[in-house]
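Here is the structure we will look at.
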Amino acid sequence: MKCLITRHTLRETLGTVFQGTPGEAGVIKCKAAVLWDQKKPFSIEEIEVAPPKTKEVRIKILATGICRTDDHVIKGKMVSKFPVIVGHEATGIVESIGEGVTTVKPGDKVIPLFLPQCRECNACCNPDGNLCIRSDITGRGVLADGTTRFTCKGKPVYHFMNTSTFTEYTVVDESSVAKIDDTAPPEKVCLIGCGFSTGYGAAVKTGKVKPGSTCVVFGLGGVGLSVIMGCKSAGASRIIGIDLNKDKFEKAMTVGATECISPKDSTKPISEVLSEMTGNNVGYTFEVIGRLDTMIDALASCHMNYGTSVVVGAPPSAKMLTYDPMLLFTGRTWKGCVFGGLKSRDDVPKLVTEFLAKKFDLDQLITHVLPFKQINEGFELLNSGQSIRTVLTF
Ligand code: PAD
Ligand code: ZN
């Protein structure tokens, strides 16, 4: 797709790069997939992308993955303002920077971060924290200064979780972008911006899976498969995958599951089935679906005393959970994590380097690659259960 860029000339190298003084780039007109309202398809529109203000970065997107969290916005399960540009799992090239930006420069290959790392707030300063105060998990839909950089047909268009990657160009705060190795393949490492890191981190960082343990993963989508990869790399000896869709089992076994079951195959509660299968020895469970009933199932399925259960699936907005406190009284640990508990700006470049060193394989997660303009088809593949990750390329 062609972009019309005003006020400055372009250089085509790895991407489109503004060579002038920080803060002096012009408005970019480009194509974006706009969601005008919930429960509506994406509409490819021409939008205006304002230049980056102080401490902001404008990025040309090269590739972006489709994640269930984007679909939660379409379905109204996650709070958002409309119109909005969603998408949060991408690789891009820095096109221009605002004043005061020091950690990236035009031409750098980067991953936008839906979980920022300002390196100043309590969560960023605590070695165990990662939920930066600048995170937009409540759906404000604006950058740090309280405004948006997108307009379409004269109307402001909202941002999504500090990223908005279903567009040829986006603007993010400097705290929401990490420079990565220049040689990284964009259509693969985009998954490190969300799905892979969320799942892998949930196992190694939040769950702290121990060697020799038994792990159970509820939900075998892109994030669940990444949990399996994390459990395997942490040395788990048994990894049981659970999904209603048995078509997901083969891939789960390929990435490290030792067996897979469907809750539909037994009339007994899944916690009993798992207890019988393992001799009552499930060390870790991970809920990677985003449903209240499976969050309780996962909690009840880990060992009543030394088990740990991690909520990874995004909870539906404004829903409450009722559970028997005896589940916790006996000693279980119940945790959750955003972005796998990882510190985004520190850990994303390291994961890219580990990927390049072949420590893990992202190809297993990518089932489809489509041109950006076929975004609606990408979501149909997700909703029909056919895809793990579809990557859109520009
Ligand atoms: P996905 O939809 O590709 O995978 C979910 C899987 O769960 C599918 O294979 C379904 O068949 C299966 N499933 C659905 N219902 C059930 C059920 N009742 N019992 C068993 N299996 C079932 O999604 P994904 O892998 O992209 O994302 C999974 C969740 O993780 C989703 O809620 C998403 O919003 C969340 C997420 N959280 C974070 C985070 O930072 N915590 C980041 C990214 C995604
Ligand atoms: Zn995601």
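The values are calculated or read from the model by the stated rules, or taken from the named source; none is laboratory data. Worth saying up front: this structure is predicted, and the values here are computed from it rather than measured. A quick note on method: Cβ atoms are made from the backbone with ideal geometry, for glycine too, and the neighbour counts reach across all protein chains shown. Just so you know, the surface numbers come from the protein's heavy atoms only, side chains and all, with ligands and any DNA or RNA stripped out. Shrake-Rupley method; radii C 1.70, N 1.55, O 1.52, S 1.80 Å.
The table below lists the values:
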{"quantity": "So VAL142, is it outside any loop (DSSP other than H, G, I, E, B) and either buried (at least 24 other Cβ atoms within 10 Å of the Cβ) or in contact with a strand residue (DSSP E or B) (Cβ under 9 Å, 6 or more places away or on another chain) (or both)", "calculated": "no"}
{"quantity": "Residue in the stretch 59-69 that is within 16 Å of ligand 1 (Cβ to nearest atom) and surrounded by fewer than 24 Cβ atoms within 10 Å (Cβ to Cβ) present", "calculated": "yes"}
{"quantity": "Test: residue in the stretch 199-221 that is open to solvent by 30 Å² or more (accessible area, probe 1.4 Å) and either at positive phi or hydroxyl-bearing (Ser, Thr, Tyr) (or both)", "calculated": "yes"}
{"quantity": "Of residues in the stretch 372-385 being open to solvent by less than 50 Å² (accessible area, probe 1.4 Å) and not aromatic (Phe, Trp, Tyr), the one farthest from ligand 2 (Cβ to nearest atom)", "calculated": "GLY385"}
{"quantity": "Flag for ALA123 being of a type in the set (Gly, Ala, Ser) and either open to solvent by 30 Å² or more (accessible area, probe 1.4 Å) or free of Cβ contacts under 8 Å to residues at least 12 places away in the same chain (or both)", "calculated": "yes"}
{"quantity": "Selection within the stretch 145-175 - touching a Phe, Trp or Tyr at 6+ places or on another chain (Cβ under 8 Å) and open to solvent by 20 Å² or more (accessible area, probe 1.4 Å)", "calculated": "THR148, PRO156, TYR158"}
{"quantity": "Whichever residue in the stretch 232-258 is within 15 Å of ligand 1 (Cβ to nearest atom) and closer than 18 Å to HIS303 by Cβ and, among such residues, is surrounded by the fewest Cβ atoms within 10 Å (Cβ to Cβ)", "calculated": "ILE240"}
{"quantity": "Test: residue in the stretch 301-310 that is within 13 Å of ligand 1 (Cβ to nearest atom), surrounded by fewer than 20 Cβ atoms within 10 Å (Cβ to Cβ) and either without any contact (Cβ under 8 Å) to a residue 24 or more places away in the chain or not hydroxyl-bearing (Ser, Thr, Tyr) (or both)", "calculated": "no"}
